[in-house]
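Asker: The structure under discussion is supplied below as structure tokens; questions concerning it will follow.
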Amino acid sequence: MNAASARGAARLPPEVNRILYVRNLPYKTEEALSTEEIYDIFGKYGAIRQIRIGNRPDTRGTAFVVYEDIYDAKNAIDHLSGFNVCGRYLIVLYYQAQRMQARMDTKKKRAELDKLKAQ
């Protein structure tokens, strides 16, 4: 049995996907990680399609890492959750579009309520 057929036989949980959401990255200017450094850390686990680093005040310290293969993403989460980078421990999660959308909807509703209260 080769590795490709073993991968096909493995059952993955439904939340597993190719996009990882990384939190707790160092974001001070002298300690901030560059895209190349994130490639060095995450590239050990497979081919990366894209990395997006948060650059707004509310997204600093976060990044999205998109792998070519879902099994590479799973391997990266297994090995990098809790990995120490510049004295900070990474939090690596699968990106879940439904949860992110629900969070954004909650923020919008809260902003609308605050606006109504101010009137």
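Values in this text are rule-based calculations from the coordinates and carry no lab data. Keep in mind the model is a prediction, meaning the values are calculated, not measured. A quick note on method: Cβ atoms are made from the backbone with ideal geometry, for glycine too, and the neighbour counts reach across all protein chains shown.
Asker: Could you name the lysines in cross-link range of Lys44, using Cα to Cα under 22 Å and dropping any fewer than eight places away on the same chain?
Answerer: Candidates past the 8-residue exclusion: Lys74.
Asker: Under the √(5λ) rule applied to the eigenvalues of the Cα gyration tensor, what semi-axes describe the equivalent ellipsoid of region 45-94? Give them in Å, descending.
Answerer: Equivalent-ellipsoid dimensions as semi-axes: 19, 15, 8 Å.
Asker: Highest mean first, how do 76-89, 33-46 rank when packing is the count of other Cβ atoms within 10 Å averaged over residues? Intermediate values should be presented prior to the final figure.
Answerer: On the way: 76-89: 13.8, 33-46: 15.4.
Top to bottom by mean Cβ count within 10 Å: 33-46, 76-89.
Asker: For labels at Ile91 and Asn17 in the simple 7 Å Cα→Cβ model, what's the distance in nm?
Answerer: It works out to 1.9 nm between the two label points.
Asker: Lysines within cross-link reach of Lys117: Cα-Cα under 16 Å, excluding same-chain residues under 8 positions apart?
Answerer: Straight-line reach from Lys117, under 16 Å: Lys107, Lys108, Lys109.
Asker: Grab the beta carbon distance between Gln50 and Leu116, set R0 = 35 Å, and tell me the FRET efficiency rounded to 0.05.
Answerer: Once the sixth-power term is evaluated, E becomes 0.35.
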